[in-house]
Amino acid sequence: MIDIHCHILPGVDDGPESIEASLMMAREAVKEGIKTIIATPHHRNNSYENKKSEILAEVSKLNSILLKENIPLEILPGQENRIYGEIIKDYKNGEILTLSNTNYLFIEFPSSTVPRYSERLLYEIQIEGLTPVIVHPERNKELLENPNLLYSLVNNGALTQVTAGSIAGYFGKKIQRFSKQLIEHNLTHFVASDAHNTNNRSFKLIEAFEEIEKDFGGDYSYLFTENSELLLGNKTIFRQLPEQIKKKKFLGIF
Ligand code: FE
């Protein structure tokens, strides 16, 4: 299994603080059946800055330690970019990393809003030949209230990634329900851990896929795992026509 969103590099963001903590995460990932992780440190999220060159150096350091420790896990470079106006300019300057040097680029919105310029910027990113992947839309307050904003972004070419823990219920019932609605309406394309540690923010991929199989069947879990593989190969991923989420009226019990 491939995990395309994970904070496993030590001392770069709110992920593990030490190499020992990174190795604990690595061992847990292996137990979950993960063979490859894209390390995606926060960038420009108001707390952390991790430029491309620094991430590349940290990834190769961690890979050599994993090899020494005999942990069968490969780390690839990525970046979780908070959306900002100059992102394309900085991509051209060499500060921004796509996911493992593919054409797929992670984009994070602030936790409660979707900046008004997002629609235009996500379009401009695609003009550059990149495919934006919006991370954890299910945890964004504005999207929860107005899911059709996400529909519009996906309909205009953006992809999205939901967090395994959200599907498994670790962020509460409301976010779990919304995550499942996103799956049901073809508004998400990847499931990843966004793991930060082995305590309260661990991988939960197995639990998430069990939940997906229970509610949607094996085809869906296959589709999501396959999409992560396709992304890593810089291939076109599976996507079905997105549908709008209609607010259901409460009909009561008859
Ligand atoms: Fe993250």
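The values are calculated or read from the model by the stated rules, or taken from the named source; none is laboratory data. Here the structure is a predicted model, which means the values were calculated and not measured. Virtual Cβ from ideal backbone geometry, glycine too; neighbours counted across all protein chains shown. Accessible surface is based on the protein model in full, side chains and every heavy atom, while ligands, DNA and RNA are left aside. Shrake-Rupley method; radii C 1.70, N 1.55, O 1.52, S 1.80 Å.
Each 10 Å bin from 0 upward holds the following percent of the Cα-Cα pairs of the chain: 7, 33, 38, 18, 3, 1, 0.
On a per residue basis, the convex hull of the C-alpha atoms belonging to region 14-112 measures out at 111 Å³. Within straight-line reach of LYS68, meaning a Cα separation under 17 Å, sit the following lysines at least 8 residues removed in sequence or on another chain: LYS35.
In a DSSP loop and with at most 16 other Cβ atoms within 10 Å, the GluC sites (Glu not before Pro) in region 92-135 are GLU128. For the residues ARG82, ARG44, a 1.4 Å probe over the protein chains yields an accessible-area ranking, largest first, of ARG44, ARG82.
Backbone phi angles across region 115-132, fed through the Karplus curve with coefficients 6.51, -1.76 and 1.60 (θ = phi - 60°), yield HN-Hα couplings of x, 4, 7, 4, 4, 5, 5, 5, 5, 5, 4, 5, 4, 6, x, 9, 10, x Hz in residue order; Gly and Pro are listed as x.
Label zone of GLU74 (point 7 Å out along Cα→Cβ, amide N under 18 Å): in region 104-120 this covers 104. For region 120-254, the relative contact order comes to 22 percent (Cα pairs under 8 Å, sequence separation of at least 6). Separation of region 152-172 and region 31-70, taken as the distance between their Cα centroids, equals 22 angstrom.
On full extension, the segment bounded by SER60 and TYR48 gains 2.3 nm, given 0.36 nm per residue less the C-alpha separation.
Run the dipole for the chain about the Cα centre, Lys and Arg Cβ at +1, Asp and Glu Cβ at -1, nothing else charged, and hand back the magnitude in debye, nearest 20.
Computed about the Cα centre, the dipole is about 700 debye.
Normalising the Debye intensity of region 148-254 to I(0), with uniform scatterers on Cα atoms only, and taking log10 at q = 0.11, 0.20 Å⁻¹ returns -0.36, -1.11. Between THR113 and ASN156, the simple label model (points 7 Å from Cα in the Cβ direction) yields a spacing of 1.8 nm.
Charge dipole (Cα centre; +1 on Lys/Arg Cβ, -1 on Asp/Glu Cβ; no other charges) of region 170-254 amounts to roughly 620 debye. You can think of it this way: the chain between PHE216 and GLU145 has 23.2 nm of extra reach, that is 0.36 nm per residue less the Cα-Cα gap.
PRE reach from ASN200 (point 7 Å along Cα→Cβ): which of region 161-181 fall under 17 Å by backbone N? Only 165-166, 169-173 pass the distance filter.
Surface listing: THR236, THR225, THR98 arranged by accessible area from highest to lowest gives THR236, THR225, THR98, probe 1.4 Å.
Could you work out the relative contact order of the chain, using alpha carbon pairs under 8 angstrom and six or more residues apart, expressed as a whole percent?
Relative contact order for the chain comes out at 18 percent.
In deg cm²/dmol, rounded to 500, what helix-only [θ] at 222 nm does the chain give when every DSSP H run of at least 4 residues adds -39500 (n - 2.57) and the total is split over its residues?
Helix-only estimate at 222 nm: -12500 deg cm²/dmol.
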